[in-house]
Amino acid sequence: MLIGVPKEIKNHEYRIGLTPAGVRELVANGHDVMVQTDGGTAIGFLNEEYVAAGAQMIDTPEEIFAKAEMIIKVKEPQPNECKMLRPGQLLFTYLHLAPDPTQTQLLVESGCTAIAYETVTDPRGGLPLLAPMSEVAGRMSIQAGAHNLEKAQGGNGMLLGGVPGVAPAKVLVIGGGVVGTQAARMAVGMGADVTILDRSLPRLRQLDTEFDGRLRTVYSTGDAIEKYAVEADLVIGAVLIPGAAAPKLLTREILKKMKDGAVVVDVAIDQGGCFETSRATTHQEPTYVEEGVVHYCVANMPGGVARTSTMALTNATMPFAIALANSGFDALRDEHLREGLNVHAGMVTYKPVADVLGYEYVEAMTALTKVASAA
(Lines give C-alpha, C1' and ligand atoms only; values in the text may rest on other atoms or scores of the structure.)
Protein backbone atom coordinates (compact mmCIF):
# COMPACT_ATOMS: atom_id res chain seq x y z
CA MET A 1 0.00 0.00 0.00
CA LEU A 2 1.10 3.57 -0.68
CA ILE A 3 0.86 5.57 2.54
CA GLY A 4 0.97 9.36 2.80
CA VAL A 5 1.97 11.46 5.81
CA PRO A 6 1.24 15.17 5.24
CA LYS A 7 2.52 18.00 7.39
CA GLU A 8 -0.01 19.17 9.98
CA ILE A 9 -1.42 22.63 9.31
CA LYS A 10 -3.44 23.42 12.45
CA ASN A 11 -2.24 26.41 14.49
CA HIS A 12 1.03 25.58 16.27
CA GLU A 13 0.62 21.87 15.50
CA TYR A 14 4.08 20.35 15.16
CA ARG A 15 3.22 16.68 15.61
CA ILE A 16 3.41 14.35 12.63
CA GLY A 17 1.56 11.12 11.88
CA LEU A 18 4.65 8.88 11.85
CA THR A 19 8.14 8.99 13.33
CA PRO A 20 11.04 7.72 11.20
CA ALA A 21 10.88 4.52 13.29
CA GLY A 22 7.22 4.13 12.33
CA VAL A 23 8.08 4.59 8.66
CA ARG A 24 10.73 1.88 8.97
CA GLU A 25 8.17 -0.56 10.38
CA LEU A 26 5.75 0.01 7.51
CA VAL A 27 8.50 -0.26 4.90
CA ALA A 28 9.65 -3.52 6.52
CA ASN A 29 6.11 -4.80 5.98
CA GLY A 30 6.41 -4.13 2.26
CA HIS A 31 4.70 -0.74 1.99
CA ASP A 32 5.71 2.54 0.38
CA VAL A 33 5.58 5.70 2.48
CA MET A 34 5.50 9.32 1.36
CA VAL A 35 6.25 12.02 3.96
CA GLN A 36 5.85 15.72 3.31
CA THR A 37 9.16 17.57 3.27
CA ASP A 38 9.94 19.18 6.64
CA GLY A 39 6.85 17.58 8.18
CA GLY A 40 8.78 16.62 11.33
CA THR A 41 11.69 19.04 11.21
CA ALA A 42 10.30 21.36 13.90
CA ILE A 43 10.45 18.55 16.48
CA GLY A 44 13.79 17.09 15.43
CA PHE A 45 12.64 14.40 12.98
CA LEU A 46 14.75 15.41 9.99
CA ASN A 47 14.10 14.69 6.31
CA GLU A 48 17.29 12.64 6.16
CA GLU A 49 16.02 10.37 8.95
CA TYR A 50 12.82 9.68 7.04
CA VAL A 51 14.78 8.96 3.86
CA ALA A 52 17.08 6.60 5.79
CA ALA A 53 13.98 4.83 7.10
CA GLY A 54 12.79 4.27 3.53
CA ALA A 55 10.38 7.17 2.96
CA GLN A 56 10.04 9.25 -0.15
CA MET A 57 9.96 12.98 0.63
CA ILE A 58 7.20 14.92 -1.15
CA ASP A 59 7.06 18.70 -1.33
CA THR A 60 3.31 19.31 -1.43
CA PRO A 61 0.28 17.93 0.42
CA GLU A 62 -1.64 17.93 -2.87
CA GLU A 63 0.68 15.26 -4.29
CA ILE A 64 0.43 13.15 -1.13
CA PHE A 65 -3.37 13.27 -1.04
CA ALA A 66 -3.58 12.59 -4.78
CA LYS A 67 -1.37 9.49 -4.72
CA ALA A 68 -1.74 7.87 -1.29
CA GLU A 69 -4.11 4.98 -0.66
CA MET A 70 -4.01 5.70 3.07
CA ILE A 71 -3.40 9.04 4.80
CA ILE A 72 -1.98 8.93 8.33
CA LYS A 73 -2.32 12.19 10.26
CA VAL A 74 -2.59 13.49 13.80
CA LYS A 75 -5.30 16.14 13.84
CA GLU A 76 -8.62 16.21 12.03
CA PRO A 77 -8.33 17.25 8.38
CA GLN A 78 -8.95 20.91 7.77
CA PRO A 79 -11.52 21.87 5.11
CA ASN A 80 -8.99 22.18 2.29
CA GLU A 81 -7.59 18.74 3.21
CA CYS A 82 -11.06 17.18 3.33
CA LYS A 83 -11.63 18.40 -0.23
CA MET A 84 -8.54 16.47 -1.36
CA LEU A 85 -9.85 13.15 -0.03
CA ARG A 86 -11.51 10.72 -2.45
CA PRO A 87 -13.68 7.59 -2.52
CA GLY A 88 -11.86 4.43 -1.47
CA GLN A 89 -9.08 6.34 0.30
CA LEU A 90 -8.37 5.50 3.95
CA LEU A 91 -7.94 8.33 6.45
CA PHE A 92 -6.46 7.34 9.82
CA THR A 93 -6.30 10.20 12.35
CA TYR A 94 -8.10 11.91 15.23
CA LEU A 95 -11.48 13.19 14.00
CA HIS A 96 -13.66 14.33 16.97
CA LEU A 97 -16.67 14.64 14.67
CA ALA A 98 -19.52 15.08 17.18
CA PRO A 99 -18.95 18.83 17.73
CA ASP A 100 -17.80 19.44 14.14
CA PRO A 101 -20.65 19.34 11.58
CA THR A 102 -18.56 20.98 8.85
CA GLN A 103 -15.83 18.35 8.94
CA THR A 104 -18.40 15.56 9.09
CA GLN A 105 -20.24 16.90 6.03
CA LEU A 106 -16.99 17.24 4.07
CA LEU A 107 -15.88 13.71 4.95
CA VAL A 108 -19.29 12.33 3.95
CA GLU A 109 -19.11 14.23 0.64
CA SER A 110 -15.56 13.01 -0.04
CA GLY A 111 -16.59 9.34 -0.09
CA CYS A 112 -13.46 8.38 1.85
CA THR A 113 -13.20 5.88 4.68
CA ALA A 114 -12.39 7.81 7.87
CA ILE A 115 -11.14 5.91 10.92
CA ALA A 116 -10.92 7.91 14.16
CA TYR A 117 -8.12 7.16 16.61
CA GLU A 118 -10.33 8.27 19.50
CA THR A 119 -13.01 5.59 19.02
CA VAL A 120 -10.82 2.52 18.36
CA THR A 121 -11.25 0.17 21.33
CA ASP A 122 -9.38 -2.71 22.95
CA PRO A 123 -10.61 -5.98 24.50
CA ARG A 124 -10.85 -4.36 27.94
CA GLY A 125 -13.09 -1.56 26.71
CA GLY A 126 -10.29 1.00 26.69
CA LEU A 127 -9.40 3.54 24.01
CA PRO A 128 -5.79 2.62 23.18
CA LEU A 129 -5.18 5.35 20.59
CA LEU A 130 -6.72 8.10 22.69
CA ALA A 131 -4.93 7.04 25.88
CA PRO A 132 -1.41 8.31 25.08
CA MET A 133 -2.64 11.78 24.15
CA SER A 134 -4.97 11.77 27.16
CA GLU A 135 -1.96 11.00 29.35
CA VAL A 136 -0.07 13.91 27.82
CA ALA A 137 -3.04 16.30 28.03
CA GLY A 138 -3.78 15.33 31.62
CA ARG A 139 -0.24 16.07 32.70
CA MET A 140 -0.10 19.26 30.64
CA SER A 141 -3.37 20.51 32.14
CA ILE A 142 -1.66 21.00 35.48
CA GLN A 143 1.35 22.71 33.91
CA ALA A 144 -1.00 25.04 32.03
CA GLY A 145 -3.16 25.62 35.09
CA ALA A 146 -0.21 26.37 37.37
CA HIS A 147 1.23 28.83 34.85
CA ASN A 148 -2.06 30.63 34.37
CA LEU A 149 -2.61 30.96 38.11
CA GLU A 150 0.32 33.39 38.05
CA LYS A 151 -0.85 36.98 38.45
CA ALA A 152 0.87 38.10 35.25
CA GLN A 153 -1.24 35.59 33.32
CA GLY A 154 -4.49 36.84 34.84
CA GLY A 155 -4.67 34.28 37.63
CA ASN A 156 -5.21 34.85 41.33
CA GLY A 157 -1.53 34.56 42.18
CA MET A 158 -1.62 31.18 43.93
CA LEU A 159 1.39 28.86 43.86
CA LEU A 160 0.03 25.38 43.24
CA GLY A 161 1.96 23.70 46.04
CA GLY A 162 2.10 26.64 48.43
CA VAL A 163 5.14 27.03 50.72
CA PRO A 164 5.72 26.19 54.39
CA GLY A 165 3.24 28.24 56.36
CA VAL A 166 1.02 29.00 53.34
CA ALA A 167 -1.77 26.67 52.15
CA PRO A 168 -1.48 25.15 48.69
CA ALA A 169 -3.90 25.89 45.87
CA LYS A 170 -7.12 23.85 45.67
CA VAL A 171 -7.45 21.76 42.51
CA LEU A 172 -10.68 20.13 41.36
CA VAL A 173 -10.48 17.39 38.73
CA ILE A 174 -13.83 16.46 37.16
CA GLY A 175 -13.51 12.92 35.78
CA GLY A 176 -11.38 10.05 36.99
CA GLY A 177 -10.36 8.49 33.67
CA VAL A 178 -6.97 8.67 31.99
CA VAL A 179 -6.89 12.48 31.76
CA GLY A 180 -8.16 12.98 35.30
CA THR A 181 -5.80 10.44 36.80
CA GLN A 182 -2.76 11.97 35.12
CA ALA A 183 -3.84 15.48 36.10
CA ALA A 184 -4.30 14.36 39.70
CA ARG A 185 -0.90 12.66 39.67
CA MET A 186 0.82 15.88 38.60
CA ALA A 187 -1.17 18.08 40.98
CA VAL A 188 -0.53 15.80 43.96
CA GLY A 189 3.14 15.64 43.02
CA MET A 190 3.31 19.44 43.09
CA GLY A 191 1.78 19.54 46.55
CA ALA A 192 -1.69 20.85 45.70
CA ASP A 193 -4.87 20.14 47.66
CA VAL A 194 -6.63 17.84 45.16
CA THR A 195 -10.24 16.67 44.87
CA ILE A 196 -11.32 14.30 42.08
CA LEU A 197 -14.93 13.68 41.10
CA ASP A 198 -16.29 10.68 39.23
CA ARG A 199 -19.62 8.86 38.88
CA SER A 200 -18.12 5.38 39.17
CA LEU A 201 -17.75 4.13 42.73
CA PRO A 202 -15.37 1.32 41.65
CA ARG A 203 -13.17 3.93 39.95
CA LEU A 204 -13.20 6.15 43.04
CA ARG A 205 -12.13 3.16 45.14
CA GLN A 206 -9.27 2.48 42.73
CA LEU A 207 -8.15 6.10 42.90
CA ASP A 208 -8.37 6.15 46.68
CA THR A 209 -6.13 3.08 46.83
CA GLU A 210 -3.77 4.32 44.11
CA PHE A 211 -3.17 7.69 45.75
CA ASP A 212 -3.13 6.30 49.29
CA GLY A 213 -5.09 9.15 50.84
CA ARG A 214 -3.12 11.95 49.14
CA LEU A 215 -6.25 13.29 47.45
CA ARG A 216 -9.97 13.50 48.15
CA THR A 217 -12.35 11.30 46.11
CA VAL A 218 -15.96 12.45 45.82
CA TYR A 219 -18.95 11.03 43.97
CA SER A 220 -19.87 13.43 41.18
CA THR A 221 -23.22 15.21 41.45
CA GLY A 222 -24.33 18.69 40.49
CA ASP A 223 -24.08 19.73 44.12
CA ALA A 224 -20.55 18.31 44.45
CA ILE A 225 -19.37 20.06 41.29
CA GLU A 226 -20.70 23.38 42.53
CA LYS A 227 -19.35 22.98 46.07
CA TYR A 228 -15.79 22.11 45.06
CA ALA A 229 -15.62 24.37 41.99
CA VAL A 230 -16.55 27.43 44.05
CA GLU A 231 -13.72 26.65 46.48
CA ALA A 232 -11.17 25.76 43.78
CA ASP A 233 -8.30 27.79 42.39
CA LEU A 234 -7.93 25.42 39.44
CA VAL A 235 -10.57 23.19 37.80
CA ILE A 236 -9.65 20.51 35.26
CA GLY A 237 -12.42 19.26 32.96
CA ALA A 238 -11.56 15.64 32.20
CA VAL A 239 -14.85 14.00 31.23
CA LEU A 240 -15.31 11.79 28.17
CA ILE A 241 -18.20 10.08 26.43
CA PRO A 242 -16.39 8.20 23.62
CA GLY A 243 -17.08 9.78 20.26
CA ALA A 244 -19.91 11.96 21.59
CA ALA A 245 -20.18 15.60 22.60
CA ALA A 246 -19.04 16.24 26.16
CA PRO A 247 -21.72 17.11 28.74
CA LYS A 248 -21.71 20.69 30.08
CA LEU A 249 -20.97 20.05 33.75
CA LEU A 250 -19.64 23.44 34.87
CA THR A 251 -22.38 25.98 34.19
CA ARG A 252 -22.11 29.73 33.85
CA GLU A 253 -24.02 30.10 37.12
CA ILE A 254 -21.38 28.06 38.95
CA LEU A 255 -18.62 29.99 37.20
CA LYS A 256 -20.06 33.27 38.49
CA LYS A 257 -19.59 32.01 42.04
CA MET A 258 -15.94 31.01 41.55
CA LYS A 259 -13.00 33.07 42.76
CA ASP A 260 -11.80 35.91 40.58
CA GLY A 261 -8.59 34.76 38.93
CA ALA A 262 -9.40 31.08 39.28
CA VAL A 263 -8.37 28.98 36.26
CA VAL A 264 -10.33 26.33 34.35
CA VAL A 265 -8.67 23.95 31.88
CA ASP A 266 -11.12 22.15 29.58
CA VAL A 267 -9.36 19.04 28.28
CA ALA A 268 -12.66 17.89 26.73
CA ILE A 269 -12.68 20.81 24.29
CA ASP A 270 -12.01 18.49 21.31
CA GLN A 271 -15.44 17.00 22.02
CA GLY A 272 -17.09 20.39 22.44
CA GLY A 273 -15.96 21.09 26.00
CA CYS A 274 -17.45 20.21 29.38
CA PHE A 275 -17.80 23.79 30.65
CA GLU A 276 -20.71 25.92 29.44
CA THR A 277 -18.41 28.89 28.82
CA SER A 278 -15.72 26.96 26.91
CA ARG A 279 -14.72 27.81 23.37
CA ALA A 280 -11.72 26.38 21.55
CA THR A 281 -8.46 28.35 21.73
CA THR A 282 -5.01 27.86 20.22
CA HIS A 283 -1.45 27.63 21.50
CA GLN A 284 -0.95 31.11 20.04
CA GLU A 285 -3.81 32.60 22.07
CA PRO A 286 -4.51 29.94 24.70
CA THR A 287 -6.66 31.79 27.23
CA TYR A 288 -9.52 34.20 27.69
CA VAL A 289 -11.36 35.51 30.75
CA GLU A 290 -15.07 35.07 31.31
CA GLU A 291 -16.96 35.82 34.53
CA GLY A 292 -13.58 36.69 36.08
CA VAL A 293 -12.23 33.16 35.48
CA VAL A 294 -9.26 32.37 33.22
CA HIS A 295 -10.21 29.74 30.59
CA TYR A 296 -7.56 27.55 28.95
CA CYS A 297 -9.28 25.59 26.15
CA VAL A 298 -6.55 24.68 23.66
CA ALA A 299 -7.96 22.09 21.28
CA ASN A 300 -4.65 20.38 20.54
CA MET A 301 -2.91 20.50 23.92
CA PRO A 302 -0.46 17.64 23.25
CA GLY A 303 0.83 19.61 20.27
CA GLY A 304 2.59 21.82 22.79
CA VAL A 305 4.96 18.94 23.58
CA ALA A 306 4.95 17.67 20.04
CA ARG A 307 8.04 15.45 20.10
CA THR A 308 6.94 13.45 23.13
CA SER A 309 3.40 13.27 21.77
CA THR A 310 4.45 12.10 18.31
CA MET A 311 6.54 9.28 19.70
CA ALA A 312 3.79 8.20 22.11
CA LEU A 313 1.16 8.33 19.37
CA THR A 314 3.19 6.36 16.83
CA ASN A 315 3.85 3.67 19.44
CA ALA A 316 0.08 3.27 19.90
CA THR A 317 -1.09 3.57 16.30
CA MET A 318 1.59 1.45 14.66
CA PRO A 319 -0.03 -2.03 15.07
CA PHE A 320 -3.31 -0.69 13.65
CA ALA A 321 -1.59 1.18 10.80
CA ILE A 322 0.27 -2.00 9.84
CA ALA A 323 -2.97 -4.02 9.94
CA LEU A 324 -4.72 -1.50 7.68
CA ALA A 325 -1.76 -1.33 5.30
CA ASN A 326 -1.45 -5.12 5.15
CA SER A 327 -5.15 -5.93 4.75
CA GLY A 328 -6.94 -2.75 3.67
CA PHE A 329 -10.67 -2.77 4.42
CA ASP A 330 -10.39 -6.43 5.50
CA ALA A 331 -8.58 -5.21 8.63
CA LEU A 332 -11.91 -3.74 9.72
CA ARG A 333 -13.19 -7.24 10.37
CA ASP A 334 -11.46 -6.75 13.72
CA GLU A 335 -14.27 -5.45 15.94
CA HIS A 336 -12.00 -3.13 17.91
CA LEU A 337 -10.51 -1.41 14.87
CA ARG A 338 -13.98 -1.30 13.32
CA GLU A 339 -15.16 0.78 16.30
CA GLY A 340 -12.90 3.48 14.87
CA LEU A 341 -14.84 3.63 11.60
CA ASN A 342 -16.80 6.89 11.67
CA VAL A 343 -17.47 7.55 7.98
CA HIS A 344 -17.44 5.12 5.05
CA ALA A 345 -18.37 5.87 1.43
CA GLY A 346 -20.72 8.69 2.34
CA MET A 347 -22.29 6.93 5.33
CA VAL A 348 -21.93 7.86 9.01
CA THR A 349 -21.05 4.63 10.80
CA TYR A 350 -20.56 5.80 14.39
CA LYS A 351 -23.86 6.15 16.23
CA PRO A 352 -23.03 8.99 18.66
CA VAL A 353 -21.93 11.13 15.71
CA ALA A 354 -24.98 10.28 13.63
CA ASP A 355 -27.31 10.96 16.55
CA VAL A 356 -25.91 14.35 17.53
CA LEU A 357 -25.50 15.65 13.97
CA GLY A 358 -28.72 14.26 12.51
CA TYR A 359 -27.34 11.72 10.04
CA GLU A 360 -28.83 8.35 9.29
CA TYR A 361 -26.77 5.81 11.22
CA VAL A 362 -25.47 2.86 9.21
CA GLU A 363 -23.88 0.08 11.26
CA ALA A 364 -20.21 -0.24 10.30
CA MET A 365 -20.29 -3.84 9.09
CA THR A 366 -23.46 -3.15 7.10
CA ALA A 367 -21.80 -0.18 5.40
CA LEU A 368 -18.68 -2.18 4.57
CA THR A 369 -20.72 -5.07 3.18
CA LYS A 370 -22.94 -2.74 1.14
CA VAL A 371 -19.98 -1.11 -0.57
CA ALA A 372 -18.20 -4.43 -1.12
CA SER A 373 -21.35 -5.90 -2.70
CA ALA A 374 -21.77 -2.90 -5.00
CA ALA A 375 -18.17 -3.27 -6.16
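The values are calculated or read from the model by the stated rules, or taken from the named source; none is laboratory data. Remember, predicted model here, so these are calculated numbers, not experimental data. Note that we place each Cβ from the backbone using ideal geometry, even for glycine, and neighbour counts take in every protein chain shown. Accessible surface is based on the protein model in full, side chains and every heavy atom, while ligands, DNA and RNA are left aside. Shrake-Rupley method; radii C 1.70, N 1.55, O 1.52, S 1.80 Å.
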Quiz item: Looking at (1) in a loop (DSSP other than H, G, I, E, B); (2) more than 18 Å from THR181 (Cβ to Cβ); (3) touching a residue at least 40 places away in the same chain (Cβ under 8 Å), which is the one condition that is false for PRO168?
Solution: (3)
Quiz item: Restricting to the stretch 297-328, what's the tally of residues that are of a type in the set (Gly, Ala, Ser) and closer than 20 Å to MET140 by Cβ?
Solution: 7
Quiz prompt | Pairs with Cβ under 6 Å, 6+ apart, first in the stretch 339-350 and touching a residue at least 60 places away in the same chain (Cβ under 8 Å) and open to solvent by 30 Å² or more (accessible area, probe 1.4 Å), second assigned to a loop (DSSP other than H, G, I, E, B) and among the polar types (S, T, N, Q) | solution = GLU339/THR121
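Quick check, is LEU97 open to solvent by less than 10 Å² (accessible area, probe 1.4 Å), closer than 16 Å to PRO6 by Cβ, touching a helix residue (DSSP H, G or I) at 6+ places or on another chain (Cβ under 9 Å) and not in a helix (DSSP H, G or I)?
no
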Self-check item: One residue from GLY155, GLY176 being under 27 Å from the mean Cα position of the chain (by Cα), surrounded by 20 or more Cβ atoms within 10 Å (Cβ to Cβ) and farther than 28 Å from LEU130 by Cβ
Solution: GLY155
Quiz item: How about the stretch 32-52: which of its residues are outside any helix (DSSP H, G or I) and among the small types (Gly, Ala, Ser)?
Solution: GLY39, GLY40, GLY44
Quiz prompt | Failed item in (1) among the aliphatic types (A, V, I, L, M); (2) open to solvent by 10 Å² or more (accessible area, probe 1.4 Å); (3) over 18 Å from ALA144 (Cα atoms), with LEU250 passing the rest | solution = (2)
Quiz item: Residue check, THR277 against (1) over 24 Å from LYS73 (Cα atoms); (2) open to solvent by less than 30 Å² (accessible area, probe 1.4 Å); (3) free of Cβ contacts under 8 Å to residues at least 60 places away in the same chain; (4) outside any loop (DSSP other than H, G, I, E, B), all met but one. Which one?
Solution: (4)
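Quick grid of which residues meet (1) part of a helix (DSSP H, G or I); (2) under 26 Å from THR93 (Cα atoms):
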{"position": "ARG124", "(1), (2)": "no, yes"}
{"position": "PRO128", "(1), (2)": "no, yes"}
{"position": "PRO132", "(1), (2)": "yes, yes"}
{"position": "ASN156", "(1), (2)": "no, no"}
Quiz prompt | Inter-residue pairs, beta-carbon under 8 Å, first closer than 14 Å to ALA167 by Cβ and in contact (Cβ under 8 Å) with a residue 24 or more places away in the chain and in the stretch 185-197, second polar (S, T, N, Q) and part of a helix (DSSP H, G or I), 6+ apart | solution = none
